[in-house]
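The values are calculated or read from the model by the stated rules, or taken from the named source; none is laboratory data. Treat the numbers as computed from the prediction; the structure is a model and nothing was measured. Here Cβ is always computed from backbone atoms with ideal geometry, including for glycine, and neighbour counts include all displayed protein chains.
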Amino acid sequence: MGPVAPRRRESVMVLSPREEILIRAPAKVNLGLSVLRRRRDGYHEIATLFQAVSLYDSLALRRLRKKAVRLVCPDFHGREKENLAYRAAEAFYAGTGMPGGMEIGLQKRIPAGGGLGGGSSDAAAVLLGACRLYGVRPAAMQIHEWAAALGSDVPFFTVGGAAVGTGRGEVIEPLAGEGPPCGVLIYAPGYESPTPEVYGALDPSRLTRSGRRLTMLASCWKKGDPEGLGRNVFNDLEGPVLARHPDLREAKLAMKASGALGALVSGSGSSLFALYRDPGKAAEAARRLRQDLPGKVWAARFIPRRHHWGVVKR
Ligand code: C5P
């Protein structure tokens, strides 16, 4: 499949509308991330390999007669308008002109500011879920356009599975196949790592400037080679994150010593992930590391695209 680029088309009503749906929104890790150059618009040109993993937020979308968007999320303490799920609902109504409104019930498990794409995944789930609620199927290009306007990671979550992201991360080329049946361990230290600060701390003289490492990594993924994948994971943003947080260096060493094939900062941090030969090994390592590390530890697995965006109840 080629890169998905924005284009506009009308929404058509194709499915029967629903009153309520429940959705699971998965986290992601970046198996590889090259920062190629700084752009004039303040963003960085990157080449990244996204992989959806089985740590989920849960969303309940309910239609309202009133023209309003309401967010019910006990774990969110900011302003509604700053919440990506809320903004995704607004983008849906602005883009489609659909009547009424919706209530978004959001149960967070994916830590915010953790480089795991939780907010972006929630936003994608609201965009796709809203289409399902109203029984409309806008063109993929249209959804991509809404998603990219919400944030660089949102388009990936409208597709799921594994995908190469280029541009600022919003140009998505899905990888066909399922990849290796790896186990993943995710460690969240309990604090946030602000993305703009991490990009801002990059040393321009140490940028990758080449997509070669990512091509090699994608080839290990396609071959279903867990060892090759573990050996080749990389992240140009890891340096600035570890420099600020020496505790993450320690955590990374502990993860490596737990039988991991590779361990790495995800995105702009603060979370780390480690890969294991299979989910059983990840679960075993998680049991041990929960005793040793001060933050939260989850055992997870890669989610293939066919299992992405699980509507758990209609
Ligand atoms: O697109 P998003 O809103 O997630 O980006 C948040 C911030 O992260 C941007 O304002 C920018 O400072 C930084 N960023 C970047 N290059 C990217 C993605 C994000 O510099 N490719």
(message) Residues that are out of contact with any helix residue (DSSP H, G or I) (no Cβ under 6 Å at 6 or more places or on another chain) and within 16 Å of the ligand (Cβ to nearest atom): does region 56-74 have at least one?
(response) no
(request) Return the only residue of ARG62, ARG37 being charged (D, E, K, R), assigned to a strand (DSSP E or B) and under 27 Å from SER193 (Cβ atoms). (result) ARG37
(message) Here is a check on your reading of the model: is TYR191 out of contact with any helix residue (DSSP H, G or I) (no Cβ under 7 Å at 6 or more places or on another chain), in contact (Cβ under 8 Å) with a residue 24 or more places away in the chain, of a type in the set (Ser, Thr, Tyr) and away from the ligand (no atom under 13 Å from the Cβ)?
(response) yes
(message) I'm checking my understanding of the structure. Among residues of region 151-169 that are within 11 Å of the ligand (Cβ to nearest atom) and surrounded by fewer than 24 Cβ atoms within 10 Å (Cβ to Cβ), which one is nearest to LYS222 (Cα to Cα)?
(response) THR166
(message) Among the residues in region 122-134, are any within 15 Å of the ligand (Cβ to nearest atom), touching a Lys or Arg at 6+ places or on another chain (Cβ under 9 Å), free of Cβ contacts under 8 Å to residues at least 60 places away in the same chain and not polar (S, T, N, Q)?
(response) yes
(request) Answer yes if at least one residue in region 90-108 is at positive phi, surrounded by fewer than 24 Cβ atoms within 10 Å (Cβ to Cβ) and within 14 Å of the ligand (Cβ to nearest atom), and no otherwise. (result) no
(request) Looking at (1) modelled with pLDDT of 95 or more; (2) farther than 30 Å from ALA283 by Cβ; (3) within 23 Å of the chain's Cα centre (by Cα); (4) not hydroxyl-bearing (Ser, Thr, Tyr), find the lone condition where GLY101 falls short. (result) (3)
